[in-house]
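The values are calculated or read from the model by the stated rules, or taken from the named source; none is laboratory data. Here the structure is a predicted model, which is why all the values come from computation and not from measurement. No Cβ is skipped: glycine too gets one built from the backbone with ideal geometry, and neighbour counts run over all protein chains shown. Side chains included, ligands, DNA and RNA excluded: accessible areas come from the protein's heavy atoms. Shrake-Rupley method; radii C 1.70, N 1.55, O 1.52, S 1.80 Å.
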Amino acid sequence: MKTSGKQEKSGKLVICPTPLGNLGDMPPRALEALREADVVCCEDTRVTGKLLAALGVEGVRLERMDEAIIRMPLNRAGMTGGSLSAGDQITNGDALVSRALGGEVIVYCSDAGMPGVSDPGQLLVALARKMGVPVDVLPGPTAATTAYVASGFTCPRFYFGGFFPRKAGERTKVLESVRALDAVALFYESPKRLVACLEAIAAVFPKRMVAVCRELSKLHEEVAIDLAPALADYFASREANEGIKGEIVVVIDVANEDELAEASNCALDRATQAALDMLAAGELSKKEVIQRLQEEFGISRNAAYQLVHVTK
């Protein structure tokens, strides 16, 4: 059994959250961890370097993540220069973890927010656990949970789907997979693909409320909430006229009464036709037809009984 308690080894991996945008949100323990690190491993040394300078943290060695971790393709938006790109692989994880085993305190931080949420930090923690390296996870700002609360959607459960798919077919497949969830669904999205994302949501969930949470905690924070089609039209106009910028979380509410009623009517219509077909075939008893209707269409026993005994 693997445990995560404190150990006597001085080396360790520290997962260090950073502000989403407002420096005032920097957790004190995270700031202390950055100051005491032997090395800070990050997605982009330029971004983290600016953060450390703004926080007054000096003399800390920075290493890019792709120089230090595990061999595995990344599903991330393309970037250039000193940052990860879509075609990069993160390599040499054993070497980095071995350094922690040898006594180094290695801090990992993403560009913003909580590391390990849809970024390479997940892989780093998994490898560290596998190799017995102590891991400290410091709590801090997270865009997904901040957006969930900011949406005002009241379902007490939520599903986080990571980055929304780029391809149309995959978008529809993902949305259909969350249709039956009794939970708010959240996805990260690029401003360049926001309109396509909202159009896909509107096509699958035309009656759902959706929130677009942009630039959370920053100067130009925006939380736009409306029915999916209206929100898609609004941001399509924004894109055409002024463009869309910033980090974005898309939040999809659970099915409302209109959607549930429509789904119930559709299921009842299909069940009615199925009842006619099964009764006409004469291969099943009425009791068996009732059971089949319940199983296949999710209707109540009373509704299935009415269809079987009333439908002609």
Notebook entry, point to check: Just checking, which of S177, S151 is of a type outside the set (V, I, T) and within 29 Å of G24 (Cα to Cα)?
Noted result: S151
Margin query: Please verify whether R193 is touching a residue at least 12 places away in the same chain (Cβ under 8 Å) and either in a strand (DSSP E or B) or more than 15 Å from the chain's Cα centre (by Cα) (or both), treating the condition exactly as stated.
Written below: yes
Next item on the list: Sort through R292, R214, R270 and tell me the only one that's basic (K, R), at pLDDT 95 or above and either open to solvent by 30 Å² or more (accessible area, probe 1.4 Å) or at negative phi (or both).
Entry: R214
Margin query: I need the full set of residues from segment 154-168 which are outside any strand (DSSP E or B) and either within 17 Å of P191 (Cα to Cα) or in contact with a Ser or Thr (Cβ under 6 Å, 6 or more places away or on another chain) (or both), in order please.
Written below: F164, P165, R166, K167, A168
Next item on the list: Might you let me know whether segment 131-141 holds any residue that is under 14 Å from the mean Cα position of the chain (by Cα) and either open to solvent by 30 Å² or more (accessible area, probe 1.4 Å) or not small (G, A, S) (or both)?
Entry: no
Notebook entry, point to check: Counting residues that are modelled with pLDDT of 90 or more and open to solvent by 30 Å² or more (accessible area, probe 1.4 Å), which strands (runs of 3 or more DSSP E) fully inside segment 34-121 reach at least 2?
Noted result: 61-64
Check: Taking the stated definitions as given, is L194 in contact with a strand residue (DSSP E or B) (Cβ under 8 Å, 6 or more places away or on another chain), among the hydrophobic types (A, V, I, L, M, F, W, C) and farther than 24 Å from E242 by Cβ?
Finding: no
Notebook entry, point to check: Hey, does segment 144-159 have a residue that's over 18 Å from P17 (Cβ atoms), in contact with a helix residue (DSSP H, G or I) (Cβ under 9 Å, 6 or more places away or on another chain), aromatic (F, W, Y) and open to solvent by less than 20 Å² (accessible area, probe 1.4 Å)?
Noted result: no
Next item on the list: Tell me, yes or no, whether segment 226-242 has at least one residue that is closer than 30 Å to F297 by Cα, over 18 Å from the mean Cα position of the chain (by Cα), at pLDDT below 95 and in a helix (DSSP H, G or I).
Entry: no
Check: Does segment 176-190 include one or more residues that are part of a helix (DSSP H, G or I), under 17 Å from the mean Cα position of the chain (by Cα), modelled with pLDDT under 95 and of a type in the set (D, E, K, R)?
Finding: yes
Notebook entry, point to check: In segment 299-312, which residue that is open to solvent by less than 70 Å² (accessible area, probe 1.4 Å) and part of a loop (DSSP other than H, G, I, E, B) is modelled with the lowest pLDDT?
Noted result: T311
